[in-house]
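Down below is the structure, laid out as C-alpha cells.
The values are calculated or read from the model by the stated rules, or taken from the named source; none is laboratory data. This one's a predicted model, so the numbers in the text were calculated from it and none came from an experiment. With ideal geometry, Cβ positions are generated from the backbone for all residues, glycine too; neighbour counts draw on all protein chains shown. Surface areas here come from the heavy atoms of the whole protein model, side chains and all, with no ligands, DNA or RNA. Shrake-Rupley method; radii C 1.70, N 1.55, O 1.52, S 1.80 Å.
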Amino acid sequence: LRPGIEVGPHRAQVGDVILVSGTIGDHGMAIMSVREGLEFESQIRSDCAALNGLIADVLDAVGNDVHAMRDPTRGGLSSTLNEIASSSNVGIEIDETSLPVRTEVQSACELLGLDPVYVANEGKVVLFVAARAADRALAVLRAHPLGFEAAQIGQVTAQHPKMLVARTS
C-alpha cells in the first residue's frame with residue numbers, strides 16, 4: 001500500500017460502491033472440472049494472476065477513496081462480501097444481473113447445482129470505493145488487461161447491518 005493509504009475490511013462505509021475486477025467463478029470451475037474429470041463444450045480457464053499492478057493503478061488514481069479490498073478466493077464473492085459487511089457493521093446490496101459471469105461458467109454451475117457467487121476466484125479483487133471516485137476507479141480497472149471486464153456490482157447501505165442482500169433477476 002502507498003504511505004498514508006489505509007485499506008481494511010473494517011473500513012467499508014455507507015455509500016461506498018462495490019467493484020469487482022472481472023468475471024467470477026472462473027478459477028473454481030476450472031479446477032473443479034479438471035479434478036472431477038468433467039468436460040464442457042468450451043474450456044474454462046483459471047483466472048490466476050498477480051494483481052499488484054492493477055491494484056497499484058487504482059490506488060494511484062483514487063488513493064484513500066479505496067476503503068476496503070479483498071480477493072474473493074475462499075468461499076467466493078459471497079463469503080468475501082459477508083466478511084466485509086460483518087467487519088464494517090454495514091449492509092451490502094448487490095445486483096445479481098450486474099455480476100460478470102462467463103456463459104460457460106454459469107452453465108457449468110447450473111449443471112452442478114452451484115451458484116457462481118460461492119465459487120473460488122484467484123485473479124480477481126473486490127473493491128469498496130467512495131461513490132465520488134467509483135467511476136474513475138472503474139475506468140482505471142477497465143484500462144488494465146486484468147480488469148477489462150470489471151463491473152460495478154452493488155453498494156454499501158445502512159440497512160440490514162452485517163448482511164449481504166442480493167437483488168435477483
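This table checks each residue for (1) farther than 16 Å from Asp135 by Cα; (2) touching a helix residue (DSSP H, G or I) at 6+ places or on another chain (Cβ under 6 Å); (3) not small (Gly, Ala, Ser).
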{"residue": "Gly15", "(1), (2), (3)": "no, yes, no"}
{"residue": "Ile18", "(1), (2), (3)": "no, no, yes"}
{"residue": "His27", "(1), (2), (3)": "yes, no, yes"}
{"residue": "Leu38", "(1), (2), (3)": "yes, no, yes"}
{"residue": "Ser46", "(1), (2), (3)": "yes, yes, no"}
{"residue": "Ser86", "(1), (2), (3)": "yes, no, no"}
{"residue": "Thr97", "(1), (2), (3)": "yes, no, yes"}
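Before we move on, is Glu93 open to solvent by 20 Å² or more (accessible area, probe 1.4 Å), outside any loop (DSSP other than H, G, I, E, B) and at pLDDT below 95? Quick ask: steps written out before the conclusion?
Values: open to solvent by 20 Å² or more (accessible area, probe 1.4 Å): yes; outside any loop (DSSP other than H, G, I, E, B): yes; at pLDDT below 95: no.
It is false that Glu93 is open to solvent by 20 Å² or more (accessible area, probe 1.4 Å), outside any loop (DSSP other than H, G, I, E, B) and at pLDDT below 95.
What number goes with the only condition from (1) open to solvent by 60 Å² or more (accessible area, probe 1.4 Å); (2) in a loop (DSSP other than H, G, I, E, B); (3) not acidic (Asp, Glu) that Asn64 does not pass?
(2)
Taking the stated definitions as given, is Ser79 part of a helix (DSSP H, G or I), at pLDDT 95 or above and under 16 Å from the mean Cα position of the chain (by Cα)?
For Ser79, the condition - part of a helix (DSSP H, G or I), at pLDDT 95 or above and under 16 Å from the mean Cα position of the chain (by Cα) - is met.
Just to be sure I understand, how many residues within the stretch 130-169 are touching a residue at least 24 places away in the same chain (Cβ under 8 Å), under 15 Å from Val20 (Cβ atoms) and basic (Lys, Arg)?
0
Mind listing whichever residues of the stretch 1-50 are of a type in the set (A, V, I, L, M, F, W, C) and within 29 Å of Pro161 (Cβ to Cβ)?
Just the residues of the stretch 1-50 that are of a type in the set (A, V, I, L, M, F, W, C), to begin with: 1, 5, 7, 12, 14, 17-20, 24, 29-32, 34, 38, 40, 44, 48-50.
Of everything in the stretch 1-50, those that are of a type in the set (A, V, I, L, M, F, W, C) and within 29 Å of Pro161 (Cβ to Cβ) turn out to be Leu1, Ile5, Val7, Ala12, Val14, Val17, Ile18, Leu19, Val20, Ile24.
Of the conditions (1) out of contact with any strand residue (DSSP E or B) (no Cβ under 9 Å at 6 or more places or on another chain); (2) surrounded by 14 or more Cβ atoms within 10 Å (Cβ to Cβ), Val34 clears all except one; give me its number.
Going through (1) out of contact with any strand residue (DSSP E or B) (no Cβ under 9 Å at 6 or more places or on another chain); (2) surrounded by 14 or more Cβ atoms within 10 Å (Cβ to Cβ) one by one, Val34 breaks only (2).
Just for the stretch 1-31: of the residues that are outside any loop (DSSP other than H, G, I, E, B) and among the aliphatic types (A, V, I, L, M), which one is most open to solvent (accessible area, probe 1.4 Å)? If you could, list the steps in order and put the result at the bottom.
So the first thing to find is which residues in the stretch 1-31 are outside any loop (DSSP other than H, G, I, E, B), and the list is 9-11, 17-20, 26-31.
Now drop any that are not among the aliphatic types (A, V, I, L, M), which leaves 17-20, 29-31.
Values: Val17: 16, Ile18: 0, Leu19: 0, Val20: 0, Met29: 1, Ala30: 9, Ile31: 68 Å².
Looking at the filtered set, the residue picked out is Ile31.
Go through the stretch 32-42 and count every residue that is touching a residue at least 24 places away in the same chain (Cβ under 8 Å) and either of a type outside the set (S, T, N, Q) or assigned to a loop (DSSP other than H, G, I, E, B) (or both).
Within the stretch 32-42, the subset touching a residue at least 24 places away in the same chain (Cβ under 8 Å) is 32-33, 38, 40-42.
Subset that is either of a type outside the set (S, T, N, Q) or assigned to a loop (DSSP other than H, G, I, E, B) (or both): 32, 38, 40-42.
Adding up the residues that qualify gives 5.
Could you go through the stretch 55-63 and let me know if any residue there is within 14 Å of the chain's Cα centre (by Cα) and modelled with pLDDT of 95 or more. I'd like the intermediate steps shown before the answer.
Going residue by residue through the stretch 55-63, those that are within 14 Å of the chain's Cα centre (by Cα) are 55.
Now restrict to residues that are modelled with pLDDT of 95 or more: 55.
Taking every residue of the stretch 55-63 in turn, at least one turns out to be within 14 Å of the chain's Cα centre (by Cα) and modelled with pLDDT of 95 or more.
Among the residues of the stretch 116-169, write down those that are of a type in the set (Lys, Arg), open to solvent by 30 Å² or more (accessible area, probe 1.4 Å) and part of a loop (DSSP other than H, G, I, E, B).
Lys162
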